Amino acid sequence: MNWNQWREKARKQLMDGIAPAEAAWSENPAFEFAVMQRKPLVKPVIPKEFLDIAPLIAAARDPGRWNLLYRLVYRLNHENNHLLNIVTDTDVRRAMDLVKSVRKDIHKMHAFVRFKKIIIDGQESYIAWHKTEHLIMELGAPFFMRRFSDKPWSIFSPDASAHWNLKELTYAKGMAEHEFKHEDDFDEVWKTYYKSIFNPARLNLKMMKQEMSPKYWSSMPETALIHELVREVPQRLQMMATAPQVRAEVPKNISVDKMKELSKKCSVCPWAQHATQTVFGEGPLNAKIMIVGEQPGSEEDIAGHTFVGPAGRVFSEIMKELGLKRESAYITNAVKHYKWTPSEDGKARIHKKPSGTDMHACKPWLEAEIAAVKPKVIIALGATAATSILGRLVKINEARERIVQNNSFAPNIIISWHPSAILRAFDKNDAIEKRAQLKSDLERAFLLANAPSPSPYP
Ligand code: URA
């Protein structure tokens, strides 16, 4: 049975009022009393939250999954249509555990599949073998179709296989590892790439083993390199320390308008080619206060303006409550391009945090903006902005307590929560607390910016 077959059958059984205990996939035999207690439904309701997770549960390698799905859908219709919010419920908990495990397996498939080039009838094609924990081929393979759309490829696992012929993606039966034959030149290409991205400063063998479970090692050419790379660590660290890093080149003493114009063509970071546009800072050029965020989000990337998406709306709301105008501050970001990755279904762009290299590449733009605006106070929102400005990692809950003075960028630097930390808070109380703290930090920053010098603040 697959997810679509289950769906069809489940709808019919729900309409006939068949209880989970007597459903076709039940592990229990059908009882007379269950038949007598049937509760037919004219139109079963399948909430979107259920449809979002059900295909993942259907892909779990768990013989009880069809039964679990039916119990959930039955209970959603007969017991509580908000059942999925009850995280303490045994069925909901089991469902969430399966969803988590399947998602992790899909993520591993995306990270660990390694294609090998083969020539079939003079045609170049790519094949890979990957062992999945769950039955995720149909959930995991579309990602590769988007990534490698211009080459025909096949992915095999013991349970199923996926085949892209440049026009359509089809699925067929799987293949055991020992049946999988290939020529080997792709390994060399992959090893060179891996070596080029290998960062010895991040070397942590224990973590590496955790991330790349030994289960996948046999099909990953780069694992053959690990011992060699470990031996090379001191040399590579030395090379990294002396190698010039890529940074935007910004001419000295240019106006913000000129910066804006030049930054449109900036392509030093890889994200420039995936973003819609460069989103540069905006606001009065004599602003006393500069607000620095992380990077444009999806909405900012499309609109070309800073802080206009969900986090921006939280920020604007707080400013309004404080009686402050957004337009009175210069608002910018540590990184000027939206960094994102496609969602599993390819329909959405998922935000990716800028790396140290991204911050480093973009920092000359921020430095140039600060040099031109000369704010009295910079308020850095979130860890990326704080790290970029202070040049070191900070914990926001500790750093927000004090004002950093005598920094080369501005007389006063205040660190606070990024508004998105409120949107991603653990729970309601956490969100309330972070929002109140951001509000009080913004108020403090504006008071300080407008206070006659010397500042009344310690
Ligand atoms: N988050 C940011 O850090 N900056 C924006 O411009 C929008 C969201």
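With each pseudo-label sitting 7 Å past Cα toward Cβ, what's the L423-T170 distance in nm, one decimal?
The modelled label-to-label distance comes out at 4.2 nm.
Give me the distance between the Cα centres of segment 122-162 and segment 84-111, rounded to whole Å.
Computed from Cα coordinates, the inter-centre distance equals 23 Å.
Please get the size of the charge dipole for segment 291-330, origin at its Cα centre, with Cβ charges of +1 on Lys and Arg and -1 on Asp and Glu, quoted in debye to the nearest 20.
For this selection, approximately 200 debye.
With 5 Å bins from zero, work out the P(r) of segment 113-179 over every alpha carbon pair and list the percent per bin.
4, 18, 31, 27, 16, 5, 1
Using only the Cα atoms of segment 256-449, what are the Rg and Dmax in Å?
Values for segment 256-449 (Cα only, Rg and Dmax): 15.7, 48 Å.
Roughly how much of L166 is accessible, in Å² to the nearest 10, using a 1.4 Å probe?
Spelled out: L166, probe radius 1.4 Å, area about 90 Å².
Output the pairs from K151/K363; K352/K434; K325/K428; K288/K336 with a Cα-Cα distance over 31 Å in this structure; if there are none, say none.
Cα-Cα > 31 Å for K151/K363; rest within.
What full-extension length gain, to one decimal in nm, is calculated for K347 and H110 as 0.36 nm per residue of separation minus the Cα-Cα distance?
Gain in length upon complete extension: 83.7 nm.
Determine the relative contact order of segment 256-449: mean sequence separation of Cα pairs under 8 Å and six or more apart, normalised by residue count, in whole percent.
22 percent.
Would you kindly derive the ³J(HN,Hα) couplings of segment 367-374 from the backbone phi angles with the Karplus curve 6.51 cos²θ - 1.76 cosθ + 1.60 (θ = phi - 60°), listing them in order in whole Hz, with x for Gly and Pro?
4, 5, 5, 5, 5, 7, 7, 6
Pop a pseudo-label 7 angstrom from the Cα along the beta-carbon direction at both N81 and S316 and give the gap in nm to one decimal.
Each label point lies 7 Å from its Cα, and together they span 3.3 nm.
Grab the other residues whose beta carbon is less than 15 angstrom from that of M15, score K and R as +1, D and E as -1, and report the net.
Taking every Cβ under 15 Å from that of M15, the sum is +4.
May I ask which of K104/K395; K104/K265; K320/K374; K104/K320 have a Cα-Cα span longer than 31 Å here?
K104/K265; K104/K320
Check N333: other-chain or 5+ apart residues with amide H under 5 Å from its amide H, H built from backbone geometry?
Excluding prolines and chain starts, which carry no amide H, the hits are G281, G293.
Among the chymotrypsin sites (Phe, Trp or Tyr not before Pro) within segment 338-440, which fall in a DSSP loop and have no more than 16 other Cβ atoms within 10 Å of their own Cβ?
Here the chymotrypsin sites (Phe, Trp or Tyr not before Pro) that fit, given the DSSP loop and packing criteria, are F426.
Each residue of segment 390-400 in turn: what ³J(HN,Hα) in whole Hz from Karplus with 6.51, -1.76, 1.60 and θ = phi - 60°, glycine and Pro shown as x?
8, x, 8, 6, 9, 9, 4, 5, 8, 5, 6
Could you tell me which residue out of L366, G356, S298 lies farthest along the dipole of segment 256-449 toward its positive end? Charges go on the beta carbon: Lys and Arg +1, Asp and Glu -1, centred on the Cα centre.
Selected residue: L366.
The values are calculated or read from the model by the stated rules, or taken from the named source; none is laboratory data. Not measured: the values here are computed from a predicted model. Counting neighbours? That spans all protein chains shown, and the Cβs are built from the backbone with ideal geometry, glycine included. What goes into the accessible areas is simple: the full protein's heavy atoms, side chains included, and nothing from ligands, DNA or RNA. Shrake-Rupley method; radii C 1.70, N 1.55, O 1.52, S 1.80 Å.
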